[in-house]
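Only one structure is covered here, and it is reproduced in the block below.
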Amino acid sequence: MKNLHHWINGKPSEGSSERYGPVHNPATGDQEKQVPFASVEEVDAAVAAAKDAYATWGQSSLAKRTTILFKFRALLDAHRDEIAELITAEHGKVHSDALGEVARGLEIVDLACGITVQLKGELSTQVATRVDVSSIRQPLGVVAGITPFNFPAMVPMWMFPIAIACGNTFVLKPSEKDPSAALKIAELLAEAGLPDGVFNVVHGDKAAVDRLLEHPDVKAVSFVGSTPIARYIHTTASANGKRVQALGGAKNHMLVLPDADLDAAADAAVSAAYGSAGERCMAISAVVAVGAIGDELVDKIRERAEKIKIGPGNDPASEMGPLITAVHRDKVASYVTGAAAEGAEVVLDGTGHTVEGFENGHWIGISLLDKVPTSAKAYQDEIFGPVLCVLRVDTYEEGVALINSSPFGNGTAIFTRDGGAARRFQLEIEAGMVGVNVPIPVPVGYHSFGGWKDSLFGDHHIYGNDGTHFYTRGKVVTTRWPDPSDAPTGVDLGFPRNH
């Protein structure tokens, strides 16, 4: 069995706590690696390395920082297949999906390479006689990122490229379920010439997280995960005087109006609900059908869903892989097995699915639930698996009211041919990201990602301009200089007098 390691001060660091977590191959169910869980002392060592590095990195030129990031971007591109293979081996998603994850992370590295534009200050001259006012942005210091299992490469890259481009140093606590992608990224950053201590990786559980949240030298914390943990992260870190952006869970709805292209809507629903086995915070988990289109739409979704090829992520024929753990698989299955008793119609039940030759893998098939009442757990909870709920409403207004009553407000979408309805929807809906005939409206790198309500805790969204603002703080400088013509008598500065 392979033993993994931390990455502290520019090199691998073996775990000393004698506590480890298992890392499984979800397709086989076998434990192939173990990851050390950091002690408080190991977290402190990572933060100390980052603090020492900040003394010089925080004063380094923008040219130096972006030069290193350009080199890292080239290495990341060259090693994207290798990183995707690590993701597939530990998370289970199919290789093409893993490659897509790396590509989306590259978008944020691109943004960081051009950070000079975002960091430009402002200047107002002559606000009073010989008085100028300028605004500048400066780094915070040591910042931390706590990231989830479902995107072990992309989500860290939503954070650290912008953070270090702005002059901060970074401590990453990735998910202990699939930690190898983070370690490969650390190696590539070192190869690109990033100074020791600027980027560190510590693995662990709640003990490591809590130490980062309370450590006096950590100035800001970024988090992506479930809503209960996001709320805890925000409350705890804020109480310790830290800046926090904590992105929580979701229950993303797709409103389908009677005039929509139902084939396009069905294609989108299947892709958005079952892609990456539903293990993504932007998955569509609830389709809201308006009017009489419900039966036809459900039939079209079922026809497409039944054709999805489920298998190991490293098999090119596979379109959907296993879930991350057996425990999570069983939890997802429980929502389907209990759906009928709560009033839903089970159109497809994937709870008994297995894959020949991989019977011990964490498999679950496609599930489709129709006429789901809003009181059902399958509707109320973020399932984080390949389960799609369909709800029926009579009118657009009823659909919007249903969506807005959800405690989550991450992403939502509308499918329609009516531009007026789409415009009204984007203004009336209470969510941070909206798609018009786009089922998963994840913004490109230069726009920020984030939800509303219980999907975001903190004032800043992640990456884009919000990311730059989160990882820097503003300073305003008011300056008055004497005019050279005011020099004492007898001293000639060679400056033409103007009075």
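Assorted remarks:
- Rounded to 5, the percent of DSSP beta bridges in the chain classed as antiparallel: 40 percent
- Of every Cα-Cα pair in the chain, the percent that sits beyond 34 Å: 40 percent
- Rounded to the nearest whole Hz, the Karplus-based 3J(HN,Hα) values (6.51 cos²θ - 1.76 cosθ + 1.60, θ = phi - 60°) of segment 201-215 follow the sequence 10, 10, 9, x, 10, 4, 4, 5, 4, 4, 5, 5, 5, 9, 5, with x at glycine and proline.
- What the phi angles of segment 130-137 give under the Karplus curve with 6.51, -1.76 and 1.60, with θ = phi - 60°, is a coupling list of 6, 10, 10, 10, 10, 10, 10, 10 Hz, glycine and proline written as x.
- Residue-averaged 222 nm ellipticity for the chain, from DSSP H runs of 4+ at -39500 (n - 2.57), nearest 500: -11000 deg cm²/dmol
- Fraction of the pair-distance distribution of segment 292-372 above 17 Å, Cα-Cα pairs, percent: 51 percent
- Karplus-derived 3J(HN,Hα), 6.51/-1.76/1.60, for each residue of segment 260-276, Hz, glycine and proline x: 5, 6, 5, 5, 5, 5, 5, 4, 5, 5, 5, 5, 6, 7, 10, x, 6
- Here H353 sits with roughly 70 square angstrom of accessible surface, probe radius 1.4 Å.
- Residues with amide H under 5 Å from that of V131, placed H, sequence gap 5 or more: Q126
- Only alpha carbons enter this Debye calculation for segment 246-394, each as an equal point scatterer, and the log10 of I(q)/I(0) it gives at q = 0.18, 0.20, 0.21 Å⁻¹ is -1.02, -1.24, -1.35.
- Using a cutoff of 8 angstrom between alpha carbon atoms and counting only pairs six or more residues apart, the relative contact order for the chain works out to 18 percent.
- Alpha carbon convex hull of segment 356-395, volume per residue in cubic angstrom: 86 Å³
- Selection from N200, H353, T147, by position along the positive dipole direction of the chain (Cβ): N200
- At most 12 other Cβ within 10 Å, DSSP loop - GluC sites (Glu not before Pro), segment 345-393: E356, E359
- Rg and Dmax of segment 167-263, based on Cα coordinates, read 18.1, 58 Å.
- N437-Q31 pseudo-label distance in nm [points 7 Å out on the Cα-to-Cβ vector]: 5.2 nm
- In segment 336-419, the ratio of gyration radius to Kirkwood radius, Rg to Rh, stands at 1.05 when only Cα atoms are counted.
- Size descriptors for segment 180-224: radius of gyration and Dmax over Cα atoms are 12.3, 32 Å.
- Heavy-atom accessible surface of the chain, averaged per residue, reaches 41 Å², computed with a 1.4 Å probe.
- Along its first, second and third principal axes, ordered by size, segment 354-499 spans 94, 47, 27 Å in Cα coordinates.
- Segment 144-185 gives an Rg/Rh value of 0.95, both radii derived from C-alpha positions and Rh following Kirkwood.
- Solution diffusion estimate, µm²/s, Stokes-Einstein, segment 385-451, Kirkwood Rh from C-alpha pairs, 25 °C, viscosity 0.890 mPa s: 190 µm²/s
- Computed over Cα pairs, the Kirkwood radius of segment 19-178 leads via Stokes-Einstein (1.567 mPa s, 4 °C) to a diffusion coefficient of 72 µm² per second.
- Cα centre as origin, Lys/Arg/Asp/Glu Cβ charges: the chain dipole, Debye: 1640 debye
- Considering segment 1-66 at the alpha-carbon level, its Rg and Dmax are found to be 16.4, 48 Å.
- Whole-number D in µm²/s for segment 309-352 (Stokes-Einstein; Kirkwood sum over Cα pairs; 10 °C, 1.306 mPa s): 133 µm²/s
- Percent accessible area from carbon and sulfur atoms, the chain, protein chains only, probe 1.4 Å: 51 percent
- Selection from S285, T129, T236 lying farthest towards where the dipole of the chain points positive, charges on Cβ: T129
- Estimated distance in nm for a label pair at D267 and R231, the labels positioned 7 Å out from Cα along Cα-to-Cβ: 4.0 nm
The values are calculated or read from the model by the stated rules, or taken from the named source; none is laboratory data. Just so it is clear, the structure is predicted and the values come from calculations on it, not from any experiment. With ideal geometry, Cβ positions are generated from the backbone for all residues, glycine too; neighbour counts draw on all protein chains shown. We work out accessible area using only protein heavy atoms, side chains counted, and drop any ligands, DNA or RNA first. Shrake-Rupley method; radii C 1.70, N 1.55, O 1.52, S 1.80 Å.
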